[in-house]
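One structure is given below, encoded as structure tokens.
Read-outs throughout are calculated quantities, based only on the coordinates presented, and are distinct from any laboratory measurement. Note that this is a predicted model, so its numbers are computed, not measured. Backbone-built Cβ (ideal geometry, glycine too); neighbour counts: all protein chains shown.
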Amino acid sequence: MKELVDCRYYEAPGRQARVLLVMLPGAGIAADEFAEHGMVASVHELGLPVDIAAAHPDLGLYLDGGVTAALHRAVVEPALARGFSRIWLLGISLGGMGALLYASAYPDHVEGIVLLAPFLGTKGTTAELVRAGGLSAWSPAGSIATEPEQRLLLWLQGHLARRIEAPVLYLGYGQEDRFADAHRTLATELPADRVLVTPGGHDWPTWAKLWRQLLARAPFRVDV
């Protein structure tokens with residue numbers, strides 16, 4: 001049974017945390033890179049009562065969809081047992097896929113999701129979304145999308161169609177990101193105040209900039 005490769009915890013300095021933010025990296029990115037690129041500090045410098053768990057799932061967990069169970073066992077279940085009732089997920093690139101797969105299985109455990117340049121599918125799957133005219137019009141019938149890709153896309157379709165508040169979805173991406181076509185199909189389905197676009201590619205400077213901009217919108221809705 002595959003488990004997380006690594007998980008780093010960062011407690012809110014001097015505060016009793018009420019929110020757990022789980023950060024999921026993309027392929028080839030280590031858990032501690034969130035801290036190295038200032039994304040942990042960006043949260044704690046605001047004095048927010050938010051503890052952070054930066055997790056690094058085994059790559060194979062994304063390929064077979066097992067990331068959901070591994071994340072629940074290693075991070076979310078222990079957090080719930082410690083009294084956290086508000087769980088947020090931040091997924092970068094392939095980590096965005098992991099965040100959506102988790103939400104599709106445990107929507108009642110997730111208050112909000114931040115997707116930064118999320119991987120929503122292969123180029124073939126992205127082409128399907130574009131040809132269909134967007135996410136809401138896409139159908140899995142005859143699709144070449146993998147089972148995990150279909151699962152997250154169908155969950156997104158249903159979640160956005162119901163227009164329910166939780167989990168709240170935020171999206172950020174760079175204009176020159178190699179997955180930008182897929183990002184734009186999702187952006188059209190979200191409220192404008194939950195979408196951030198900035199010049200940049202699929203890289204840390206762009207993601208860190210988007211993260212700071214998003215935090216300015218107070219996504220966690222907590223009293224500081």
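Each residue of segment 207-212 is assigned a 3J(HN,Hα), and the resulting list reads 5, 5, 5, 4, 5, 5 Hz, derived from the Karplus form 6.51 cos²θ - 1.76 cosθ + 1.60 (θ = phi - 60°), x at Gly and Pro. Alpha carbon centre of segment 24-58 versus segment 66-114: separation in Å? Here the answer is 14 Å between Cα centres. Each residue in Phe84, Phe119, Phe220, Phe34 was given a count of other beta-carbon atoms within 10 angstrom of its own, and listing them fewest first yields Phe84, Phe220, Phe119, Phe34.
Using every pair of distinct Cα positions in segment 106-160, the Kirkwood expression returns a hydrodynamic radius of 12.0 angstrom.
Net charge of the neighbourhood of Asp177, taken over other residues with C-beta under 11 Å away and scored Lys/Arg +1, Asp/Glu -1, is -1.
Here the relative contact order of segment 65-192, from alpha carbon pairs under 8 Å that lie six or more residues apart, stands at 27 percent. Once C-alpha pairs closer than 8 Å and six or more residues apart are averaged by separation and normalised to the residue number of segment 133-224, the relative contact order reads 27 percent. Across all Cα atoms of the chain, the radius of gyration (one decimal) and Dmax (whole number) stand at 16.3, 53 Å.
All alpha carbon pair distances within segment 1-108 were sorted into 10 Å bins beginning at 0; the resulting P(r) in whole percents reads 15, 51, 30, 4. Over all distinct Cα-Cα pairs of segment 138-224, the Kirkwood formula returns a hydrodynamic radius of 14.5 Å. Considering only alpha-carbon pairs that sit under 8 angstrom and 6 or more positions apart, the relative contact order computed for the chain is 19 percent. The residues neighbouring Lys123, those whose beta-carbon lies less than 14 Å from its own, together hold a net charge of -2 under the Lys/Arg +1, Asp/Glu -1 convention.
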